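The values are calculated or read from the model by the stated rules, or taken from the named source; none is laboratory data. Just so it is clear, the model here is predicted, and its values are computed rather than measured. Glycine gets a Cβ as well: all are built from the backbone with ideal geometry, and neighbour counts include every protein chain shown.
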């Protein structure tokens with residue numbers, strides 16, 4: 001199953017207006033990082049409010065952190 005299928009259903013049902021999933025480089029710019037896997041999920045609600053979820057792997061210990069803004 002594609003990881004966005006459940007989010008696609010939230011858009012179809014009108015719970016979300018739209019969403020995007022982006023890979024980020026080490027500087028937080030859209031792109032691929034050489035050092036850690038970083039992704040940003042942006043959820044846009046029908047009232048145009050945004051919820052941004054950033055995740056990244058800390059490196060060799062493979063701990064994952066999430067930042068909500």
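From the list 26, 52, 30, 21, the one residue that fits, being in contact with a strand residue (DSSP E or B) (Cβ under 6 Å, 6 or more places away or on another chain) and surrounded by 13 or more Cβ atoms within 10 Å (Cβ to Cβ), is 52. Note on the stretch 13-33: residues that are outside any strand (DSSP E or B) and either within 19 Å of residue 55 (Cβ to Cβ) or modelled with pLDDT under 95 (or both) amount to 9.
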